[in-house]
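*Asks:* I am attaching a structure below and will ask some questions about it afterwards.
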Amino acid sequence: MRIRFWGVRGSIPCPGPNTVRYGGNTPCIELRFSDPDRLIIIDAGSGIRELGNYLLGHDMRRGPLDTELFLTHTHWDHIMGFPFFTPIYIPGVKIKVYGPVTHERETLESIVGGQLTYRYFPVRHVELGADITYEHLKEGVFDLGGGVTLHTKYLNHPVLCLGYRFEYKDKVFCTTYDTEPFVNIFTDNPQDPDYDELMANEGAMVAAEQNQAVEDFFRNADVLIHDTQYTRAEYEAGKVGWGHTPMEDAVDAAARAGVKKMFMFHYEPMRDDGEHDTLAAAFCEPGRYGDLEVVFSREGMRVEI
C-alpha cells in the first residue's frame, strides 16, 4: 500500500506563508494498491483539487479514471473540494462514492451533490460528465475485492463518522478521524441534584467500552492516521464535545494498541508551522512511546507499507 497526503488541515483551508511546510488544505488522502493497480481516495477536502490535477497529468494519460472515494463523514471540510475535482467533469470517468449519512432521509448523493446547485455553484450535479454512484456505508466488514478487506468503525463526532481499516497482504492501514474520547454523559457528582448512581456507573462503563473498541479497531496497524487537532490543554480549555482528540490521548492509545507508525492529522487551522515544529520536537522524540513512531503529516508526504 502506498499513501500520499494531499490535505492534512482541519475545519477550513488556511493557505499562506505560515502554513507552507505542513500544508493548509483540508483532508484528502491517496491510497494505492500495486497488485492490482488500484486507487482509493479518502475524503474530498480542499486537497482533492490538487490530487485531481495530478491524476489528469498521470493516471488519465493511460485511459479513463475508475476509482473509489471513501468519505469519513459529510462535514464541509471533508467534502468541499468535490466540486473542484476535475475528473468529475470528464466523460468516461467512473467514481463510486462511499460514506455514512446521519439521517436516513438524506442520501449521500443529496449531501455531497447538493453543493453543485445554482444556489452555491455554477454547475449542477446532473451536468457532470463522469459516471458517479453513491453507496451508504455503515459499521461492518466489507470485501472490496482484489484481496482488500475494509473494516469500518463509528467514531465519536457530532455527525455520524467512520474510521477505516484497510487490510491487504497482511498489512494494515487505519484512519480514525474526526473523533474524540468517549466520556460519561451522566453526572458522577453525588452532590448534583441529577445524580443517579446506576446511570453514572452505566455511563462510565459504556464510555470505557467504546474507547477500548476504538483502540481495538486500530490495534497492530502498520500505519494509523489519527485526529490530533488539539493539545490536551487546549481541549480541556473549551473544546470538549467538538469531536477532536488531544494529541496526548491519541499517541497514548496508539502505543497501547501496538501501532507501528502514527501520523498526527486534522490540524487546528490557527496553528502555524513554527508551532508544529515545536510540537514535533516533543512528540516525535524516538523511544518516547516505546516502539511507536510518531510523525506529523505534511501535504505531499508519501508513505509505503
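The values are calculated or read from the model by the stated rules, or taken from the named source; none is laboratory data. The model shown is predicted, which means the values in this text are computed figures rather than measured ones. We place every Cβ from the backbone using ideal geometry, glycine too, and count neighbours over all the protein chains shown.
*Asks:* Quickly run through the stretch 64-90 and pick out the residues that are farther than 20 Å from PHE121 by Cα, part of a loop (DSSP other than H, G, I, E, B) and not hydroxyl-bearing (Ser, Thr, Tyr). Steps first, please.
*Replies:* Keep residues of the stretch 64-90 that are farther than 20 Å from PHE121 by Cα, which gives 64-73.
Now drop any that are not part of a loop (DSSP other than H, G, I, E, B), which leaves 64-65, 71-73.
The answer is PRO64, LEU65, LEU71, HIS73.
*Asks:* Let me ask something additional. May I ask you to verify whether TYR164 is modelled with pLDDT of 95 or more, out of contact with any Cys (no Cβ under 9 Å at 6 or more places or on another chain) and hydroxyl-bearing (Ser, Thr, Tyr)? Walk me through it before giving the result.
*Replies:* Working: modelled with pLDDT of 95 or more: yes; out of contact with any Cys (no Cβ under 9 Å at 6 or more places or on another chain): no; hydroxyl-bearing (Ser, Thr, Tyr): yes.
So TYR164 does not fit the description; no.
*Asks:* Mind listing just one residue for me: the one in the stretch 83-112 that is farther than 20 Å from ARG38 by Cβ and touching a residue at least 60 places away in the same chain (Cβ under 8 Å) and, of those, farthest from the chain's Cα centre (by Cα)?
*Replies:* The qualifying residue farthest from the chain's Cα centre (by Cα) is VAL112.
*Asks:* When only residues in the stretch 171-194 that are part of a loop (DSSP other than H, G, I, E, B) and touching a residue at least 24 places away in the same chain (Cβ under 8 Å) count, which is farthest from GLY99 (Cα to Cα)?
*Replies:* Step one: of the stretch 171-194, the residues part of a loop (DSSP other than H, G, I, E, B) are 177-194.
Adding the requirement that they be touching a residue at least 24 places away in the same chain (Cβ under 8 Å) leaves 177-183.
Working: TYR177: 13, ASP178: 14, THR179: 16, GLU180: 19, PRO181: 22, PHE182: 22, VAL183: 25 Å.
Step by step, filter the stretch 171-194, then rank; the result is VAL183.
Okay, residues lined up against (1) in contact with an Asp or Glu (Cβ under 8 Å, 6 or more places away or on another chain); (2) modelled with pLDDT under 95; (3) farther than 24 Å from CYS14 by Cα; (4) of a type in the set (Lys, Arg):
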{"position": "VAL214", "(1), (2), (3), (4)": "no, no, yes, no"}
{"position": "TRP242", "(1), (2), (3), (4)": "yes, no, no, no"}
{"position": "ALA253", "(1), (2), (3), (4)": "yes, no, yes, no"}
{"position": "GLY274", "(1), (2), (3), (4)": "no, no, no, no"}
{"position": "LEU279", "(1), (2), (3), (4)": "no, no, no, no"}
{"position": "ARG288", "(1), (2), (3), (4)": "no, yes, yes, yes"}
{"position": "GLY300", "(1), (2), (3), (4)": "no, no, no, no"}
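*Asks:* Right, next: Can you pull out every residue in the stretch 126-165 that is buried (at least 18 other Cβ atoms within 10 Å of the Cβ) and over 29 Å from GLN115 (Cα atoms)?
*Replies:* Hit for the stretch 126-165 is VAL148, nothing else.
*Asks:* Say we look at the stretch 1-24 and pick out the residues that are under 13 Å from the mean Cα position of the chain (by Cα) and assigned to a loop (DSSP other than H, G, I, E, B); which of these is surrounded by the most Cβ atoms within 10 Å (Cβ to Cβ)?
*Replies:* Only one residue fits best here, namely VAL8.
*Asks:* Among the listed residues GLU215, GLU234, identify the single one that is closer than 24 Å to PRO269 by Cα and either assigned to a helix (DSSP H, G or I) or touching a Lys or Arg at 6+ places or on another chain (Cβ under 9 Å) (or both). So that I can check it myself, show each step before the final result.
*Replies:* Numbers: GLU215 fails: closer than 24 Å to PRO269 by Cα.
Exactly one residue qualifies, and that residue is GLU234.
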